[in-house]
Amino acid sequence: MSEKIIKKNITFINSLKKSNMTAIGAVLILMIALASIFSPYFLDIYNLQSLVRDLAFIGMIGIGQSLLLLIGELDLSVGKIASLSGIMSGMMMMNWGLNPYLALIAGLIVGLILGYTNGLIITKLRLNAMVATIGMQGVYGGINLVLTKGKAITGIPSTIHFLGKGNLGPIPIPFVFTLIVLVLVMFLIKKTKTGRYIYAIGNNKEAAKILGIKVDKIRGMIYGMVGLISALAGILYVARLGSAQSSIGQNWPMNSIAASVIGGVALTGGIGNPAGALIGAAIISIIQNMIVLFGVNVYWQSAVSGFVVVIAISFSSLSTIIRERKQRKIKVTKVS
Amino acid sequence: MSEKIIKKNITFINSLKKSNMTAIGAVLILMIALASIFSPYFLDIYNLQSLVRDLAFIGMIGIGQSLLLLIGELDLSVGKIASLSGIMSGMMMMNWGLNPYLALIAGLIVGLILGYTNGLIITKLRLNAMVATIGMQGVYGGINLVLTKGKAITGIPSTIHFLGKGNLGPIPIPFVFTLIVLVLVMFLIKKTKTGRYIYAIGNNKEAAKILGIKVDKIRGMIYGMVGLISALAGILYVARLGSAQSSIGQNWPMNSIAASVIGGVALTGGIGNPAGALIGAAIISIIQNMIVLFGVNVYWQSAVSGFVVVIAISFSSLSTIIRERKQRKIKVTKVS
Amino acid sequence: SKENKSEVTESSAKVSKDLTFVVVPKCVHPWFDEVNKGAQAQAKALSEQLGVKVTVNYRAPVTADVAEQNTVLEQAAATRPDGIALDPLDYEGNKAVIEEIQKQGIPVVLFDASAPAGSGLTSVGIDFTEQATMASDKLAELIGEEGKVAVMQGVPTAPNHAERYQAHLDALAKYPNIEVIEGGIDNDSVEEAQSQAAAVLAANPDLEGYLNCDGGAAGIAAAVEEAGKTDQVTIVSIANLIDILKYVKKGTITGTSSSIPQLQGSMSVLMLWQVSIGLDIPKVIDTGIVYIDSENVDEWIKIVEN
Amino acid sequence: MKVLEAHNITKIFPGVIALDSVDVSFELGEIHCIMGENGAGKSTLIKCLTGVYEPEEGKVLIHGEDAIKNRALFDKIAYVPQEIDLFLHMSVAENLFLPYEKSGFKGLVNKEILEERAVGILEKFNIRVEPDVLVKDISISQQQLLQIARATVHEEFEVLMLDEPTTSLTTEDTQLLFDIVEQIKKDNKAIIFISHKLEEIFSLGDVITVFRNGKKVVYSRLKSIDIPWVITQMTGRKVDQTQKFYSTKVKNEKLLEVKHLTGERFSDISFDLKKGEILGFTGLVGAGRSELMQAIFGYLPVYSGSVELNGKDWELGNTNYSVKNGFIYLPEERKAQGILPVLSIRENISVSILDKLKSKMGISKTMESNIAQKVINDYEVKTTDMEKEIKFLSGGNQQKVIIGRSMCCNPKVLVFDEPTKGIDVGTKAEIYRMMKELAEEKGIGIILISSEMEEIMKCSNRIIALYNGRKAGEFDISADKEELLGSIIGVR
Ligand SMILES: Nc1ncnc2c1ncn2[C@@H]1O[C@H](COP(=O)(O)OP(=O)(O)OP(=O)(O)O)[C@@H](O)[C@H]1O
Ligand SMILES: Nc1ncnc2c1ncn2[C@@H]1O[C@H](COP(=O)(O)OP(=O)(O)OP(=O)(O)O)[C@@H](O)[C@H]1O
Ligand SMILES: O[C@@H]1[C@@H](O)[C@@H](O)CO[C@H]1O
Ligand SMILES: [Mg+2]
Ligand SMILES: [Mg+2]
């Protein structure tokens, strides 16, 4: 009986599935191609390295953020968590003279706690994630100011600078961490029960509850993880600058969300995967890099990058729309 | 038998139904009380006026934003629309020597167009509102920089300053506009077909389509309205400052969303109403005012206001949680 | 600082009532924290010499938004202070509110900004053009008046940053063998400075000098270090934020042309006090510019760090 | 022996006692049917027995132990909710086995193994899709079956609860389900079966409990009773099951004419509809009836072909145009396409007729309330008041509201897609009478999509059968059942 229909259906779906990923992959390739054609410096190893180093950070946060998007939530305080964690671990090194590595780990724990706090507030008080984290962004940013008055914490021991500045072979170390995070996260969501529960929650919270999935526990856990990942980005940035800055991470929340969506993660939950966020991050970073390489007038910068973001997220839906159009044509011609 | 329980129960529910509004109304009253008790300056007419003038703007944007939240979408570019509209109408006055009032109206039209552009992009290209407007925020902000290089447009004819600085009796004129906007918007959503359709769309887009509602047309229209309202806030600000500034409105997107949610509008669509956004805006402004009046250390400012936002949105859900607790108790006592 | 004290004693007219002044910066930013330090010190000094309680309230908008700054101004005025020192985000935008406040009989002085003609306001601060020109000339000298120089912009909506940018361009124009290129824009953020500078360095392998207009120079320094071009690229920066000073000490940043925020703070308060006791005050108080390099960096690190 | 007992359960919702001190118990190896009018409290009872709701009063005992105190006991219960409640963007296989433990998957999740194990189960339940297809892409009927399969894969369940499992199943699939249920019964498990279809109850059940207004009315062995008796117990009145409802005033005037229409999942369909006629559409799962109608209505794309209404060309792809011109479609998927969940019953009704409610001061609330009240009365919607959010109505009562709503905007053509899905016997007759009346009095052309052969044959003047998106036959009132059944499974 309806085998045929369904077969058609599957191939249809798969092609669609791919098209989103491929579409965006194509964009990435295209941009790289353009960049290398129009700027002799793009493929310059140093440029690539600093580019990759930049995208390592947006990418890392994006991967974290996409986990939250998968359950239909988000965290706008990731940037502040990153800087506060960085500042704290900086203080522990400089003011308490803690061993740098211990201090870094402490910084990670701080991030974990801040993120988990968000999770607790949101799940226990049943708050809307977006507005709650707008609030917490203020709180964490504030604590940061209270601690530092906005001053940078300088003199971070050079022993740990390599974590931010160094390369493993040609690959910038922060990006190595990003890849590690990606692998772990992908394993989590593809292979572990918790990971699949994340999708289940994102698809249908109520049904997930009825199945006995500990929805709130998992939600809280993810917020914690995102805090941890943000903190990792934060401390790596400290190592990169050799100083802890309270001002870092301002654009990370929006960029991480944009990156995820560009990479095909739906804000409605349950759709897409963190690898996409990394591609999205790459696209965003390349835009920014090209803008400067091409010597785009500084006043045009935000206009251009904003525009490209819109283009980028349009691709997947455009491919759908176009396909629909095509279909219609084909069918019509076939009949008439 | 359990009649008693039912009675209790019903009253509970009703109290809850209102509670979202009353709860938050209560918070407002409470804050006003606290402020007037602890600061001799709070009730000072001059302070009240500057406070009200201030909240007029967040309130106005909040009312607009809540319309989008009602259909389950949002616009993060409202701030940039406001400043760009202001800048453009400023340019028309100063550079083209257009009649100030005409220029203001032109500014409104600019806002309408920018907002509607968002709407078109989002509906036609089927984009996610949040990320699309993150992008457009960059675009509009960029255009703004390109036009002004960031410099303010000064020397706005004093004939129109009263629109921003003046008072009608004791009431700051911008707030008068906010009230007018509120009345119109409330009429729209409570009394007109379109208004009902807005709720229908927010509840269930598919069902709305099947009911024959022109979903995308209405969505586009609302984005246009929100653009218009933002522009109004923008040009009133020009009048208030006597100069058109590119930097205004940075916090308006987040504040307007926070205000709406504090006021009981759900980000998921279909729930709440714009009047709430105004209450929410009032709360936010009063927090900021108290911070200054009480001489809260500047470094604590953002921490405090962030914290209060979280508290504020907690109220409605808290009332629910408490109710459930109570219910359980009833049950237990009944059983034992 | 000594010379203020002497001034004070000269004009120690009898005042009995306690005094409260408000300092309103552009935003919460470490640079202004230095201003505040100076202001608080001056208040302390005055209290001691006058035997009345002189308090300085430091009220900052969270973001550098004229709207927000005006609100802070108005509401600070509502607390009926004896004077307000303001770093206007954009004088034209603040004008209205400033006038309202003055109408209420609250004296206002500006700092970190030049008072526009006709405003009748006293401004405590420096000439940003002079500050930037000093940086440019120093850089030119350091690179032997030839080579490629990048200039990074700050916050485009901050007039003083824009003024510095223009001044850099004008100053460098004097040197025919210096090629000026766009050095990106950092919006006073170290992070943005870092990634923008990195790309600029990549696009200009032959870059020799870097100038900037705000407090973000640490980002440029970090990028230069990452590029391993500390020997090739000479940085002369603006402002005396601690992370900048550390790079100066390290040598990545050769020198920084800095105003003296601490002095701006103390002079602002002093002026407000003089007005409060009915003295006339000069229209312009130039708090001077220092060029900080390996010579004097240590003492400045001391000043800023405590 | 008793495996599950409810003692004196009372569940209260704002203004409603959904369950009023109910005592009921369930035996292993027995199929226990539960019947009652829409809103009688059946689903609520199930939800209390599965731990989804906590009753205000009473105990739930599993093997004599209080399950509300020791919730782990609820694992002994497998539950198929009334509304389809799956994870749409996840694969069929995963939907089958989530959350894995209960279905015997330890450790990491392995896609291959999941899908391998799924194949057999999908076979058994006649769900003809690959295990890696996303659930959103399979038909409602398939989703329904999947939901049932899902409940049964949970190991060591002892009670299986089915809340109206057959509402979107075709006769064929229903039979299949019954065989499976019988099998489960043989494995000495208890089955609770809720349905509004009396034939099913009598062909499957051992015992029956009837509810009315949240109270338990009777308990009996099915052997010793008959259909009319049950109906009387449920409704308190008699309902003639044999009555026919087709229109007796079919005008010889073409109202709608569809020519060679092709779209997603249906192709080259031609038919016409006369004024005052009730035209039945029958077919199997995914036969394409809904798509066909949704396409004509303008909700789904049409690739080729044409449609005429009253001889005038009909604009396709524009639902607004359709509604404006009197073509109304009642969706099959009530939850996804029908209700506006958090709006009141009043607003859910008025939304389609706001033009009529215009007064100088905008929409007149009084007029609005009157119409809403009329619908509530006419269709016996069971609710405390018209301000109740519609999502709080029982499934059947939601359906009544939606039907009432579309009746309000006196249409030319009305498409009912599975209109009596989950409607109780009494109300069913009501709806049939309504359709007949509309056709005869107002000359409205009615298209009735139904998977219930009885319903189709009772109400249709003509019957069109679809098979795999193609027209497989056309019959008149005199058509006999066998012939019909033949054509819908594609044999001629
Ligand atoms: N969550 C809820 N909130 C408020 N009232 C509810 C809720 N759920 C059910 N009710 C009410 O409780 C009563 C019983 O509903 P229930 O769903 O159990 O009926 P049912 O017997 O399953 O009806 P149907 O045959 O239509 O499914 C109805 O009056 C309904 O309106
Ligand atoms: N084979 C299929 N693949 C994907 N989606 C389907 C398929 N069959 C049906 N659907 C979707 O499920 C909805 C309802 O399921 P249903 O079984 O009623 O399909 P249908 O085509 O309407 O068949 P019926 O003739 O029973 O209405 C349809 O409207 C369609 O959107
Ligand atoms: O260098 C500038 C200072 O002049 C002041 O404007 C504060 O911001 C810093 O970046
Ligand atoms: Mg039910
Ligand atoms: Mg169907």
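Taking the condition of a type in the set (V, I, T) and either under 24 Å from D:S322 (Cα atoms) or touching a Pro at 6+ places or on another chain (Cβ under 6 Å) (or both), does D:I423 pass? No; evaluated as a whole, the condition is false for this residue. Right, D:I339: surrounded by 21 or more Cβ atoms within 10 Å (Cβ to Cβ) and within 16 Å of ligand 4 (Cβ to nearest atom) or not? Here the answer is yes, as D:I339 does meet what is asked.
Going by the structure shown, is B:L145 among the aliphatic types (A, V, I, L, M) and within 14 Å of chain A (Cβ to nearest Cβ)? Yes, satisfied.
With respect to the conditions (1) within 7 Å of another protein chain (Cβ to nearest Cβ); (2) hydroxyl-bearing (S, T, Y); (3) touching a residue at least 60 places away in the same chain (Cβ under 8 Å), B:S158 falls short on a single one, namely (1). At least 2 residues being farther than 21 Å from A:F294 by Cβ is the threshold, and among the strands (runs of 3 or more DSSP E) wholly inside segment C:145-239 those reaching it are C:207-212, C:234-238. What about A:M93, is it aliphatic (A, V, I, L, M), over 30 Å from C:A203 (Cα atoms) and at pLDDT below 95? Answer is yes for this residue. When you scan segment D:97-112, do you find a residue that is in contact with a Gly (Cβ under 7 Å, 6 or more places away or on another chain), surrounded by fewer than 20 Cβ atoms within 10 Å (Cβ to Cβ), at negative phi and of a type outside the set (F, W, Y), even just one? Within segment D:97-112, one or more residues are in contact with a Gly (Cβ under 7 Å, 6 or more places away or on another chain), surrounded by fewer than 20 Cβ atoms within 10 Å (Cβ to Cβ), at negative phi and of a type outside the set (F, W, Y).
Checked against the criterion of being touching a residue at least 60 places away in the same chain (Cβ under 8 Å), touching a Phe, Trp or Tyr at 6+ places or on another chain (Cβ under 9 Å) and away from ligand 4 (no atom under 16 Å from the Cβ), segment D:377-392 contains one or more residues that satisfy it. Residues in segment D:157-178 that are in contact with a helix residue (DSSP H, G or I) (Cβ under 7 Å, 6 or more places away or on another chain) and acidic (D, E): 3 in all. The set of residues from segment D:402-436 being more than 30 Å from D:G311 (Cα to Cα), more than 11 Å from ligand 1 (Cβ to nearest atom) and either within 14 Å of another protein chain (Cβ to nearest Cβ) or in a loop (DSSP other than H, G, I, E, B) (or both) comprises just one member, D:T420.
Is one or more of the residues making up segment D:132-146 more than 21 Å from D:L284 (Cα to Cα), modelled with pLDDT of 85 or more and more than 23 Å from the chain's Cα centre (by Cα)? Among the residues of segment D:132-146, at least one is more than 21 Å from D:L284 (Cα to Cα), modelled with pLDDT of 85 or more and more than 23 Å from the chain's Cα centre (by Cα), which makes the answer yes. Checking B:R126 against (1) closer than 20 Å to B:Y223 by Cβ; (2) in contact (Cβ under 8 Å) with a residue 60 or more places away in the chain: exactly one of these is not met. Which one? It is condition (2) that B:R126 fails. Suppose we filter segment B:256-271 for residues that are under 8 Å from B:G62 (Cα atoms) and within 9 Å of another protein chain (Cβ to nearest Cβ); how many remain? Count: 2.
Scanning segment A:112-133 turns up no residue that is assigned to a helix (DSSP H, G or I), of a type in the set (S, T, Y), out of contact with any strand residue (DSSP E or B) (no Cβ under 7 Å at 6 or more places or on another chain) and under 30 Å from C:T252 (Cα atoms).
Scanning segment C:98-136 for residues that are aromatic (F, W, Y) and free of Cβ contacts under 8 Å to residues at least 60 places away in the same chain returns a single hit, C:F128. When we screen D:S141, D:S195, D:S168 for residues that are under 25 Å from D:T50 (Cα atoms), small (G, A, S) and within 13 Å of chain A (Cβ to nearest Cβ), the only hit is D:S141.
Considering segment B:1-38, the residues that are more than 27 Å from the chain's Cα centre (by Cα) and within 17 Å of B:I283 (Cα to Cα) include one that is modelled with the highest pLDDT, namely B:I37.
The condition of being over 30 Å from D:I227 (Cβ atoms), away from ligand 5 (no atom under 16 Å from the Cβ), at pLDDT below 90 and more than 12 Å from chain A (Cβ to nearest Cβ) holds for only one of D:L98, D:L61, D:L108, D:L114, that being D:L61. Only one entry in D:S450, D:S460 is modelled with pLDDT of 85 or more, buried (at least 18 other Cβ atoms within 10 Å of the Cβ), within 16 Å of ligand 2 (Cβ to nearest atom) and closer than 20 Å to D:N38 by Cβ, namely D:S450.
Beta carbons closer than 8 Å, at least 6 apart along the sequence or on distinct chains, never pair a first residue in segment C:255-280 that is closer than 18 Å to C:Q49 by Cβ with a second that is within 16 Å of ligand 4 (Cβ to nearest atom). Is at least one residue of segment D:43-62 closer than 17 Å to D:E155 by Cα and within 16 Å of ligand 1 (Cβ to nearest atom)? Yes.
Would it be correct to say that D:S359 is among the hydroxyl-bearing types (S, T, Y) and either within 24 Å of the chain's Cα centre (by Cα) or within 16 Å of ligand 3 (Cβ to nearest atom) (or both)? Here the answer is no, as D:S359 does not meet what is asked. Condition test on A:T154, is it in contact with a helix residue (DSSP H, G or I) (Cβ under 7 Å, 6 or more places away or on another chain) and buried (at least 24 other Cβ atoms within 10 Å of the Cβ)? Criteria met by A:T154.
The values are calculated or read from the model by the stated rules, or taken from the named source; none is laboratory data. All figures in this text were calculated on a predicted structure; none of them were measured in a lab. Cβ coordinates were reconstructed from backbone atoms using ideal geometry, including for glycine residues, and neighbour counts include every protein chain displayed.
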